[in-house]
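Peer 1: I'd like to ask you about the structure that follows.
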Amino acid sequence: MFPTMPAGRAGRSDLQAEMLSGLPEYFMASFYPHMEMEMEMETEMAMRDEAVDATRMDRALVASRNHREAERRRRERIKSHLDRLRTILACDPKTDKASLLAKVVERMKDLKQRAEEITEAQCFPSETDEIVVLPSSASISGQRSVFEASFCCEDRSDLLPELIDTLRSLRLKTLRAEIATLGGRVRNVLILAKENEASEEEEEEEEEEEDEPGGAFLRDALQALVDRPHPAERCKRRRLVDQDST
């Protein structure tokens, strides 16, 4: 019966030593180098496994340390910003985060409302095209009707001359005008009144226009003015038309 081989590398080494002790010397001389080489290979593999395990452990430790350091810096930034908000809002240093954020929201709402009020008061142009025409409550002797008109659009060199021509064609007299430009945009706020002197045909047309609710005729005219392309685009279109005709 063969002896039972113990488990593990240590057991195999003991068994090999016991088996080799009973072999002849000439057999040992040819067999031992192979056994020694195998043992060296096993030892090298064990050392390599230990090195791999150590490398993995080192990487895990480095990653954990980097994560803790990044988390610490993040908490410090948050704390710094919260302290700055407490200073700006003149809050107690012990104010908790939820109460502080609630105060920030209220302050932002207040600032937004103030900005809107300033924009309306200063008639700053908006980022989108808009046209508003309302019948004015002002009563002016000798005038048939008065309108308050406001429109915002992209500023261009021919806008004002075309606006004058449009109002002249509608027989509207400018009583008051405010113009504000900002960032290539322009807002015009006008108080307009119908002129008195007109022929019978023009009076009939004016009566029909007055029947339109809220000065729709003026709104349509201003809309056509706003939608009119830029002079450079019109020149480009004219060149394209000329090329197509040739």
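Bear in mind that the values in this text are calculations on the coordinates, not laboratory data. Just so it is clear, the structure is predicted and the values come from calculations on it, not from any experiment. Cβ: placed from backbone, ideal geometry, glycine included. Neighbour counts: every protein chain shown.
Peer 1: Among Glu76, Glu162, which comes first, second and so on when ranked by fewest other beta-carbon atoms within 10 Å?
Peer 2: Details: Glu76 10, Glu162 13.
Exposure proxy ranking, most exposed first: Glu76, Glu162.
Peer 1: Continuing with the same structure: Taking amide H positions as placed in the peptide plane 1.01 Å from N, state which residues far from Ser145 in sequence (5 or more) or on other chains have amide H under 5 Å from it.
Peer 2: The answer is Lys194.
Peer 1: Within straight cross-link reach of Lys109, meaning Cα distance under 29 Å, which lysines are found once same-chain residues fewer than 8 apart are removed?
Peer 2: Result set, ordered by chain and number: Lys79, Lys94, Lys97.
Peer 1: Hey, another quick one. Which residues' amide hydrogens lie under 5 Å from the amide hydrogen of Leu175, considering only partners 5 or more residues apart or on another chain, with H built in the peptide plane?
Peer 2: For Leu175, the qualifying residues are Ile191, Leu192, Ala193.
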